[in-house]
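A short reminder: the numbers here are calculations on the coordinates, not readings from a lab. What you see is a predicted model, and the numbers here were worked out from it, not measured in a lab. Ideal geometry is used to build each Cβ from the backbone, glycine not excepted, and the neighbour counts take in all protein chains shown.
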Amino acid sequence: MRCGAIDYQLLHLKLQQFIKLTNSQEHLTNLYQVLDNIVKNDGITVKNASPCTLQCPTSLYLPYILTQPWYTLATNHPLMQDIQILQENLYLIRDDYYAAQTFSKGWCHNQEKEGSWTLFYLYNQGHKVVENCQICPQTTHLIDHQLRHFMRGNVFGNACFSKIIPSTKIAPHYGPCNYRIRCHLTLHTPSQCSLKVGNETRQWVDGQCLLFDDSYLHSVQHDSNDQDRVILLIDLWHYQLSPVERQALNFII
């Protein structure tokens, strides 16, 4: 199943199938109730489920997990190990980005009304882009073997280099679900470049990660005249999802 092609009745049936195959009903009660409610209401509850007016996931909202626009992690947070791995390997990841710059056909281009941005996918909607990964072996190894929460195998799971050219504005928009946390490892950013999520605006800092829930309204303002903003984007599972819930979501979507 690809992003934007959600058949909720099919998801509901596939979850029933997964429960039978794995005998995991007691561990998936919350997820089952969410899909059951969506099907009974013909999908109407999907876009209106969040109590926050600035949050509107386009595909699936799980009300039983905690959600917030921005995440600032304590040292003992479940996601902190992944964040430390990324930040400690900044220079290796940056070297792979430089290699990707020489492989022009691997980049996807997106045009905005003001400016543009490009993406070099290592994983696109859960699927490994093998040719691109061969260009970036060090980053691929980290994703494949060290990141515990990367959304591997899920249609909402992406890993890519993202470059925004100067004077670009990315219009406000919503992501598909609230059970992923989007991580930006900053490889290079000018000072006049910012990300707004919900009502709060933050700036990227070289070598550091920003974490946010992109099911909240978010936008980018890049006011520099001469420097690109470059990040590694990694989609992480929400830390409150159990292993069996992740497996179920991979199975049904």
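Helices of the chain meeting both criteria, an alpha-carbon length of 20 angstrom or more along the long axis and an average Kyte-Doolittle score not below 0.0, with helices taken as full DSSP H segments, are 8-22. Converting phi to 3J(HN,Hα) with the Karplus coefficients 6.51, -1.76 and 1.60 and the offset θ = phi - 60°, segment 107-116 yields 9, 9, 9, 10, 9, 10, 4, 10, x, 7 Hz in sequence order, with x at every glycine or proline. Straight Cα distances below 22 angstrom link Lys20 to the lysines Lys40, with same-chain residues fewer than 8 positions distant left out. By other beta-carbon atoms within 10 Å, ranking His149, His12 with the fewest at the front produces His12, His149.
Note on the chain: with charges restricted to the Cβ of Lys and Arg (+1) and Asp and Glu (-1), its dipole about the Cα centre is near 420 debye. Under 5 Å between amide hydrogens, built in the peptide plane, is the criterion, and for Arg180 it picks out His238 among residues at least 5 positions away or on other chains. Sequence-ordered 3J(HN,Hα) estimates for segment 226-237 from the Karplus curve with 6.51, -1.76 and 1.60 and θ = phi - 60° stand at 9, 10, 7, 9, 10, 9, 9, 9, 10, 8, 10, 4 Hz, glycine and proline given as x. Antiparallel as a % of all DSSP beta bridges within the chain, to the nearest 5? Antiparallel: roughly 100 percent of the beta bridges in the chain.
Ranked from largest, the principal axis spans of the Cα set of the chain equal 53, 38, 37 Å.
Extension gain, Phe103-Gln81: 0.36 nm per intervening residue step, less the Cα-Cα distance, totals 4.8 nm. Placing dummy labels 7 Å off each Cα toward the beta-carbon, the span from Gln146 to Leu10 is 3.7 nm. Ordering Phe103, Ser59, Phe120 by the projection of their Cα atoms onto the charge dipole of the chain, which places +1 on the Cβ of Lys and Arg and -1 on the Cβ of Asp and Glu, puts Ser59 at the extreme positive end.
Counting only residues at least eight positions apart within a chain, or on another chain, the aspartates and glutamates with an alpha carbon under 18 Å from that of Lys169 are Glu112, Glu114, Glu200, Asp214, Asp223, Asp226, Asp228. Scalar couplings 3J(HN,Hα) for segment 182-188, obtained by applying the Karplus form with A = 6.51, B = -1.76, C = 1.60 to θ = phi - 60°, are 8, 10, 10, 8, 7, 8, 7 Hz; x denotes Gly and Pro.
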